[in-house]
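The values are calculated or read from the model by the stated rules, or taken from the named source; none is laboratory data. Everything numeric in this text was worked out from a predicted model, so none of it was measured. Note that each Cβ is placed from the backbone with ideal geometry, even for glycine, and that neighbours are counted across all protein chains shown.
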Amino acid sequence: MVILLAMPMMPAGASGFENEGGVMVTRVCASYPGEFITLTNHGPSRDIGGWRLSDGEGSIVINGSLVLPAGGSFTWCAPGSFFPELYPEEMRASNGDPSVVSKGNMKLADAGDQVYLFDANGTLRDLVCYGNVEPQPPWTGPPATLKKGSVLVRTAGGNGPENWEMAVPGLFSVSSPPIPAQVVPLLYPDDALPELIRQIDLSRNSIELACYLVENWTLARHLAGASARGVKVTVLLEGRPVGGVSVNGAAIAYHLQDSGAEVWTMRSADSFRRYDYLHAKYVVFDRERLFVASENMADSSFGSNRGWAVLVESARICSYAEDVFRRDLAAQGVDVFPLNTSLARAEGGPGRLLGVMPPAPAAYPANASLLTSPYGLQDELVKVISGAQERVLVQQMRIEEDWLDGSPVISALLSAAERGVKVRVQLDSGLGTEEGNSLVAETLEQRAREERWDLECRLTGDLSPFGRLHNKGVIVDDTVVVGSANWVDGSMERNREMAVVLRSAELADIFVQWFEEDWKGDASPPVIVLPWHYTEAIAGEPVVLDATGCYDGSGVANVTWDLDGDGLADLWGPMQVMTLREGQHNITLRVEDSLGNVASDHIIVYVKASSTATVPWLLYAPLPLIFSFILLRRWSRRL
């Protein structure tokens, strides 16, 4: 009797249990950001009018007819819940709405409770147990775990904890199918800022920008100008980046707001937020053109970082990106807040407008897919790398050391190498990344040696033609991935990131060229230093060609001289001594470093007629013999 009294009682009016895989409870949230319960129809279309949700103390009854189509959902949310902000497009009702009738005190306990679903006949259709309650049939096993600030999400149709997992409320990802588009490839730090400015100045209706950091005054001035001419400018910023928002970043944000732009920040409220960080870097222009980058919109990005970006011209792709932007922005009061509630006002600038614009870069046809994280981006990366046939080229700021222990992406990378695919991985060697990246490189290189794979991993060096490798790019055969996600768990599982997958042989060739230049580690040609560029000589007397002053950080590997202008080398080596016929001689010097970078220069030797006969010289005279001859002539003149 004691045991029976201790067991929770099934609500009055319940009869039996029946679940045919039709309408079931699929989400349960019991605490901040607000209580809600979602029903989803996994069977044919069904009218759930008269169906009832209960926690054993109160209930919610569907009032009147409510038809759920196959795959359709309906959510009850408690008064004050942030469900409408987190899921703005989903069908819902709350207490007081005519579509539901509330009875008793329906309030889910944070510590643990049971959720019953009954049909209009009073038959129990589903039961969910979580927290510290004592489960009852038809639930099997211990109750599911549900922590504050989380939502239970059904993963299968059974009646135990193995069919549920915790997630963050409002967290979502968007992926698009491949869509034909025109794509402009952009390289940081060279091309991105001018193209961003061009697109801002071309915009006539709307600009929607989401970014981890905006700290460049030229960009801010042009955005403010767009707002002043009537373009609707909306900006969503990470409100709490690592180290906090700088004074310069706050000044730019307020400058944009003062110009008429809407500026919002994403940050935690009551310790709740959907993402660890808004780490994406994208802009939607006029709902027609999408800019996606690996780099923040900061001075260091435009001035010294190595990164990639693309401008995708496609209204369909933009619709997917805009859906992400709109749904992220909709959570106002949850983890999105007005600027003045997040950052203290700061002054700065005023910055400058960009002067003469360079010519517009070329666009290339491609099939483009939009990806976002959490999870969606990682899943697609694994899929793309798993299909590699010839090459995988990776340029990453950082790879998490723990990924060496069987992460899906690294596992796909190693499997590609095992199949004979050429794999190259280049990592940053800057402050905060060098130690971890060195360990990753050493481990991958050792594995490649043991297995005899065509796999190399190296860190950037001091001679790299950029300040810091901040890229997050991948090339797999003729597919290129450009986006904001580092190869770490946070980016793949908890951040808001965005990337595009581009399938195009033409585009891949461009990105491969950029990768290979950086892979060499030194894209700078040798520095040519010559004692003279013009000299006069007398026929029959030796002329010294001296390139010993030329230098290169990677080392000078080859020096050649073209004496007759036919484009072919006639002499090899930094110093040569010869005699030349009368007249003007145009000689070309070519200096190559150990990485294949080449520099060339031209010298002119004008040879006058000699008044006395001289010993004819061979063109390639040994240096000791030449110097002996010079000394002998000088000695004979003294006599």
Can we say Val153 is under 26 Å from Thr26 (Cα atoms) and surrounded by 15 or more Cβ atoms within 10 Å (Cβ to Cβ)? yes
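Give the residue, chosen from Pro374, Pro361, Pro338, Pro350, that is surrounded by fewer than 17 Cβ atoms within 10 Å (Cβ to Cβ), within 23 Å of the chain's Cα centre (by Cα) and not aliphatic (A, V, I, L, M). Explain how you work it out, then say what you get.
Details: Pro374 fails: surrounded by fewer than 17 Cβ atoms within 10 Å (Cβ to Cβ); Pro338 fails: within 23 Å of the chain's Cα centre (by Cα); Pro350 fails: within 23 Å of the chain's Cα centre (by Cα).
Result: Pro361 is the single residue among Pro374, Pro361, Pro338, Pro350 that is surrounded by fewer than 17 Cβ atoms within 10 Å (Cβ to Cβ), within 23 Å of the chain's Cα centre (by Cα) and not aliphatic (A, V, I, L, M).
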Leading residue by the ranking (surrounded by the most Cβ atoms within 10 Å (Cβ to Cβ)) among those in region 107-148 that are among the β-branched types (Val, Ile, Thr) and assigned to a strand (DSSP E or B): Val128
Here the residues within region 408-450 that are over 16 Å from His470 (Cα atoms) and assigned to a strand (DSSP E or B) are Lys422, Val423, Arg424
Can you name every residue in region 212-238 that is touching a helix residue (DSSP H, G or I) at 6+ places or on another chain (Cβ under 9 Å) and under 15 Å from Pro338 (Cα atoms)? Val233, Thr234, Val235, Leu236, Leu237
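Name the one entry in Ala210, Ala192, Ala220 that is farther than 23 Å from Ala505 by Cβ, surrounded by 23 or more Cβ atoms within 10 Å (Cβ to Cβ), of a type outside the set (Phe, Trp, Tyr) and touching a His at 6+ places or on another chain (Cβ under 8 Å).
Ala220
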If you check Trp514, Trp532, Trp561, which single one turns out to be more than 30 Å from Ala210 (Cα to Cα) and either outside the structural domain of Val607 (by TED's automatic domain parsing) or part of a loop (DSSP other than H, G, I, E, B) (or both)? Trp532
Please determine, by comparing only the residues of region 481-522 that are without any contact (Cβ under 8 Å) to a residue 40 or more places away in the chain and either under 18 Å from Leu311 (Cα atoms) or touching a Lys or Arg at 6+ places or on another chain (Cβ under 7 Å) (or both), which one is surrounded by the most Cβ atoms within 10 Å (Cβ to Cβ). Ala508
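Show me the strands (runs of 3 or more DSSP E) entirely contained within region 451-504 in which 3 or more residues are under 30 Å from Val168 (Cα atoms). Talk me through it step by step, then tell me what you get.
Numbers: elements: 455-459, 472-476, 479-483, 497-503.
Result: 472-476, 479-483, 497-503.
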Here the qualifying pairs (Cβ atoms under 9 Å; residues six or more apart or on different chains; first in region 229-253 and in the same structural domain as Glu215 (by TED's automatic domain parsing); second of a type in the set (Phe, Trp, Tyr) and in a strand (DSSP E or B)) come out as Thr234/Trp264; Val235/Trp264; Leu236/Trp264; Leu237/Trp264; Gly239/Trp264; Gly239/Phe337
Can you name the number of the only condition in (1) touching a helix residue (DSSP H, G or I) at 6+ places or on another chain (Cβ under 9 Å); (2) buried (at least 21 other Cβ atoms within 10 Å of the Cβ) that Gly260 fails? (2)
Verdict on Val425 being touching an Asp or Glu at 6+ places or on another chain (Cβ under 9 Å), closer than 21 Å to Pro189 by Cα and not assigned by TED's automatic domain parsing to the domain that holds Val184: yes
Could you check, for region 325-335, whether at least one of its residues is surrounded by fewer than 22 Cβ atoms within 10 Å (Cβ to Cβ), under 27 Å from Lys472 (Cα atoms) and among the charged types (D, E, K, R)? yes
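Is it the case, given these coordinates, that Pro79 is part of a loop (DSSP other than H, G, I, E, B), without any contact (Cβ under 8 Å) to a residue 24 or more places away in the chain and within 28 Å of Val336 (Cα to Cα)?
yes
Among the candidates Ala388, Ala366, Ala321, which residue alone is under 18 Å from the mean Cα position of the chain (by Cα) and buried (at least 17 other Cβ atoms within 10 Å of the Cβ)? Give the derivation first.
On the way: Ala388 fails: under 18 Å from the mean Cα position of the chain (by Cα); Ala366 fails: under 18 Å from the mean Cα position of the chain (by Cα).
Only one candidate passes the filter, namely Ala321.
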